[in-house]
Amino acid sequence: PVPQVAIVGRPNVGKSSLFNWLARRRLAIVDNFEGVTRDRMTTLIESEDCYFELTDTGGMGVEDADDLTADVRRQIELAINSADVILLVVDVQTGLMPLDEMVAERLRGVEKPVILVANKADQPHQEIHAEEFHALGRGRLISVSTTQNRNRDELLELIRDRL
Ligand code: GDP
Ligand code: MG
């Protein structure tokens, strides 16, 4: 069976952007609205002769945009049940938010490798702001920018090392 990698995180941090960027294809819907109903997106990724299946768990079955915590909870259940590696995505431009802490809290007891992906580090100086996410106490931290194409190979290497 192909190893499973799940993307989790609160709305708008760039989970779908990360999914498309790693897939090098525009498969998942990227939008500026939070909590839009979308299907679960899955794609097979090849990296240096390693294969894994990547899932964008965000936005699944959310009918009520106000009930974002329900969506996040659903993401975590899916990740816990089916993933081998979990990508916890956060946003360096907004910084640490209560919902990030909620996600990290729910992952606390989960004995699976977690990679903390600090997205939207469009410029090198923004990587400094990623440091505050160490407070989540979970996983190896890497700064990336899906729009500026920063650290894609480095992230793929971290994933491969944990498959
Ligand atoms: P999701 O709700 O977590 O799936 O987030 P989306 O992938 O839909 O992205 C939310 C917003 O963040 C969109 O407007 C994206 O264009 C933007 N975004 C995603 N990645 C980056 C990035 O690396 N830098 C910047 N500046 N914006 C980004
Ligand atoms: Mg999304």
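Assuming a ≥ b ≥ c are the square roots of the Cα gyration tensor eigenvalues, decide whether the range 86-151 counts as rounded (a/c under 1.5), prolate (otherwise, with a/b larger than b/c) or oblate.
Cα axes put the range 86-151 in the prolate bin.
Of all alpha-carbon pairs in the chain, indicate the percentage at a distance above 21 angstrom.
39 percent
Arranged by the count of other C-beta atoms within 10 angstrom, fewest first, what order do 44, 18 take?
The order, fewest Cβ neighbours first, is 44, 18.
Just want the answer: with Cβ charges of +1 for Lys and Arg and -1 for Asp and Glu, which residue in 58, 117, 2 is farthest toward the dipole's positive end in the chain?
Selected residue: 2.
Sorted by mean Cβ packing within 10 Å, highest first, what order do the peptides 8-15, 149-156 take?
So the order, starting with the most tightly packed, is 8-15, 149-156.
Computed from the coordinates by the stated procedures, all read-outs in this text should not be read as laboratory data. Note that the structure is predicted; figures quoted are calculated from it, not measured. Ideal geometry is used to build each Cβ from the backbone, glycine not excepted, and the neighbour counts take in all protein chains shown.
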